[in-house]
Ligand SMILES: NC(=O)c1ccc[n+]([C@@H]2O[C@H](COP(=O)([O-])OP(=O)(O)OC[C@H]3O[C@@H](n4cnc5c(N)ncnc54)[C@H](O)[C@@H]3O)[C@@H](O)[C@H]2O)c1
């Protein structure tokens, strides 16, 4: 897909990996809509990128439909959607105190990551389906964010693993569902990246967390996620899979 003159929605675009992707997309001549929490830096980020900010909470599953609709109406169409809104909880299935993992915590993590991602995808895909196809038949590209935690089975990550594993698992099915419409669906699974809360981890602790990576042994940078996201957007053969962006990192159980 071409960037120049095309339009994109960045959910979680006020910060970190999604912001870096929006920045690259805008720098290459694309038009951007930044969707993020009202309390985020969305307003200033959108201004910096020549786009518009749409405050939203992806947990408001009905409300997000109107927010995406408003962004698409302003942009005229949408060819690219990147979603990074998400997060986890560190709780064991049965804790040291002998108490079971609270079910509501598990449900909240599934809601924020898996349900919200699917909701955003189904709405974005409906809008993309209305596009005229480009010369190779593409109408749009959607990228979701999992984590290598989806595959690593770390202790205390059961809710996050289930949620991110669900995002990875639905990628091929959704790509197949949307193939006849020329809409591609991909997922990126980052290792530890220097964004949000992770950016504040002291160097010594961060070095210890990435000591088992092959290379480079450091936290990923937001622009490295963005490089992968833009490559996916531009390469028509990228579809239906989850790509690890992890420097060869594999986690031990804890
Ligand atoms: N940083 C890491 O080490 C790492 C590793 C693997 C996966 N991830 C995944 O990456 C995503 C986070 O991206 P980031 O690392 O760039 O962090 P970040 O905090 O810099 O950006 C995330 C953005 O999402 C927004 N957001 C959060 N909840 C939202 C909600 N309910 N509604 C709307 N917007 C919301 C935040 O305001 C923020 O701007 C999450 O899905 C996380 O699970 C992060």
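Coordinate-derived values only; no laboratory data. Nothing here was measured: the structure is a model prediction, and the numbers come from that model. No Cβ is skipped: glycine too gets one built from the backbone with ideal geometry, and neighbour counts run over all protein chains shown.
The set of residues in the range 132-150 that are in contact (Cβ under 8 Å) with a residue 40 or more places away in the chain and either surrounded by fewer than 19 Cβ atoms within 10 Å (Cβ to Cβ) or assigned to a helix (DSSP H, G or I) (or both) comprises 133, 134, 136, 137, 149, 150.
Scanning the range 60-69 for residues that are surrounded by 15 or more Cβ atoms within 10 Å (Cβ to Cβ) and part of a loop (DSSP other than H, G, I, E, B) turns up just one, 61. Working only within the range 70-80, note down all residues that are in a helix (DSSP H, G or I), more than 19 Å from the chain's Cα centre (by Cα) and touching a residue at least 40 places away in the same chain (Cβ under 8 Å). Matches in the range 70-80: 74, 75.
Selection over the range 180-200 of residues that are free of Cβ contacts under 8 Å to residues at least 12 places away in the same chain and more than 16 Å from the ligand (Cβ to nearest atom) gives a count of 1.
Here the condition is being more than 30 Å from residue 104 (Cα to Cα) and within 15 Å of the ligand (Cβ to nearest atom); of 136, 245, it holds for 245 alone. Scanning the range 81-102 for residues that are outside any loop (DSSP other than H, G, I, E, B) and free of Cβ contacts under 8 Å to residues at least 60 places away in the same chain gives 94, 100. Checking residue 203 against (1) surrounded by fewer than 18 Cβ atoms within 10 Å (Cβ to Cβ); (2) within 16 Å of the ligand (Cβ to nearest atom); (3) within 30 Å of residue 101 (Cα to Cα), only one condition comes out false. Which one? With (1) surrounded by fewer than 18 Cβ atoms within 10 Å (Cβ to Cβ); (2) within 16 Å of the ligand (Cβ to nearest atom); (3) within 30 Å of residue 101 (Cα to Cα) applied to residue 203, the lone miss is (3).
Can you say whether residue 44 is closer than 26 Å to residue 220 by Cβ, without any contact (Cβ under 8 Å) to a residue 12 or more places away in the chain and surrounded by fewer than 21 Cβ atoms within 10 Å (Cβ to Cβ), as far as the supplied structure shows? Against the criterion (closer than 26 Å to residue 220 by Cβ, without any contact (Cβ under 8 Å) to a residue 12 or more places away in the chain and surrounded by fewer than 21 Cβ atoms within 10 Å (Cβ to Cβ)), residue 44 qualifies. When 125, 85 are screened for being in contact with a helix residue (DSSP H, G or I) (Cβ under 7 Å, 6 or more places away or on another chain) and within 11 Å of the ligand (Cβ to nearest atom), only 85 passes. Just for helices (runs of 4 or more DSSP H) wholly inside the range 156-247: which have at least 2 residues that are touching a strand residue (DSSP E or B) at 6+ places or on another chain (Cβ under 6 Å)? Fully inside the range 156-247 and qualifying: 158-179, 222-234. Out of 99, 108, one residue alone is more than 22 Å from residue 23 (Cβ to Cβ), surrounded by fewer than 19 Cβ atoms within 10 Å (Cβ to Cβ) and within 19 Å of the chain's Cα centre (by Cα). It is 108.
Among the residues making up the range 88-118, a single one is away from the ligand (no atom under 13 Å from the Cβ) and within 26 Å of residue 134 (Cα to Cα): 118.
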